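This report refers to the structure that appears directly beneath it.
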Amino acid sequence: MMTHPLLPKLRELSLSGMLLTLEARAIQASERALTPTEFLALLLDDEIERRRQHRLALHMQQSGCDGQKTLAHFDFGAAPGVNRTLIQELATCTFIGRHENILFCGPTGVGKSHLANGLAYEALKRNYRVLCRPIHRFLADVHASQATGTQGRWLSKALTPDLLVLDDFGLQPLFAPMVQNLYDIICERYERGSIIITSNRAFEEWGDVFGDELLASAALDRLTHHAYTVIIRGESYRQRSRRKEVAGVTPTLPAEDPSKSS
């Protein structure tokens, strides 16, 4: 195909990707007696899909999302406490257009991060701008940027996306500057952009994480005003899997030596 006579023309039009399916589509057009317009439409559909996939891959890389943790890969059977109907509704991403938030709360290992990432992936598929980060690492980077004079750029990264996903709130302690930055981000995004937060802390424990009951209360007030709160109860999926693996191991006994049979 690299020597195809149409290649220079397609390259000039930034359509060289069409060569990937040109031959197959030509055969298909001949077999089905397609009109020239129908044949061209197939090629254009292929090009649109190629560009969509390329754009999705690029935005996925920039967002920090994990392409393996999609809703299609989530085992709802292993998480009976998850409201599948609600998750499917949230997967339409209409909550983003309404600037609503989602709070996934529950113990470690019940699927909070996977669900948050899966919804972020659905948002990317719909051309929403997404940023997905572990909350402690992101706030640490924002704080460190003060020393280099780039804090404005980091805060802009938090305020610009249509959807901001902050994972594992409360897993590690937050220091005063990080808490203030988090509060500022929540305030700036209030009714302007959606946030998904995952946490293994109950709301009444947020004051301990913030180190300031009043600040925690004000942050929660904004986060939960227009929000879906998804409480997931149950046992860690990883621990259940580990027990199944251990239970499935059959001890291997040494083969009996026939010469020692009685």
Problem - Flag if Asp162 is in contact with a Phe, Trp or Tyr (Cβ under 6 Å, 6 or more places away or on another chain) and modelled with pLDDT of 95 or more - result: yes
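Tell me, yes or no, whether the stretch 3-11 has at least one residue that is free of Cβ contacts under 8 Å to residues at least 40 places away in the same chain and at positive phi.
Checked the stretch 3-11: no residue is free of Cβ contacts under 8 Å to residues at least 40 places away in the same chain and at positive phi.
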Exercise for the section: Select from the stretch 49-75 the residues that are among the aliphatic types (A, V, I, L, M) and touching a residue at least 60 places away in the same chain (Cβ under 8 Å) and list them in ascending order. Expected result: Leu56, Met60
Handout entry: Matching residues in the stretch 206-262 - criterion: being modelled with pLDDT of 70 or more and outside any helix (DSSP H, G or I)
Key = Gly211, Asp212, His226, Ala227, Tyr228, Thr229, Val230, Ile231, Ile232, Arg233, Gly234, Glu235
Practice task
Report, ordered by the first and then the second residue, all pairs with beta carbons closer than 8 Å, sequence separation of six or more or different chains, a first member in the stretch 35-48 that is within 12 Å of Thr21 (Cβ to Cβ), and a second member that is of a type in the set (Lys, Arg).
Solution key: Phe39/Arg25; Leu42/Arg25; Leu43/Arg25; Asp46/Arg25
Problem - Residue selected from the stretch 66-87 under the condition in the same structural domain as Leu171 (by TED's automatic domain parsing) and polar (S, T, N, Q), by the criterion surrounded by the most Cβ atoms within 10 Å (Cβ to Cβ) - result: Asn83
Handout entry: Enumeration of residues in the stretch 155-167 that are surrounded by fewer than 20 Cβ atoms within 10 Å (Cβ to Cβ) and not hydroxyl-bearing (Ser, Thr, Tyr)
Key = Leu155, Lys157, Leu159, Asp162
Exercise for the section: Would you please name the residue that is nearest to Gly170 (Cα to Cα), looking only at residues in the stretch 88-144 that are β-branched (Val, Ile, Thr) and surrounded by fewer than 21 Cβ atoms within 10 Å (Cβ to Cβ)? Expected result: Thr108
Practice task
Give just the number: which of (1) modelled with pLDDT of 90 or more; (2) out of contact with any Leu (no Cβ under 9 Å at 6 or more places or on another chain); (3) farther than 24 Å from Leu214 by Cα does Thr148 not satisfy?
Solution key: (1)
Exercise for the section: Please determine, by comparing only the residues of the stretch 1-30 that are within 12 Å of Leu42 (Cα to Cα) and among the polar types (S, T, N, Q), which one is modelled with the lowest pLDDT. Expected result: Thr21
Fill in the blank from the handout: Only one of (1) aliphatic (A, V, I, L, M); (2) more than 30 Å from Pro134 (Cα to Cα); (3) touching a Gly at 6+ places or on another chain (Cβ under 8 Å) does not apply to Leu42, and that is (3)
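Rundown of residues vs (1) touching a helix residue (DSSP H, G or I) at 6+ places or on another chain (Cβ under 7 Å); (2) farther than 18 Å from Arg126 by Cα, yes/no style:
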site: Leu19; (1), (2): yes, yes
site: His54; (1), (2): no, no
site: Gln62; (1), (2): no, no
site: Asp66; (1), (2): yes, no
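The values are calculated or read from the model by the stated rules, or taken from the named source; none is laboratory data. No experiment lies behind these values; they were computed from the predicted model shown. Don't worry about glycine lacking a Cβ; one is built from the backbone with ideal geometry, like all the others, and counts go over all protein chains shown.
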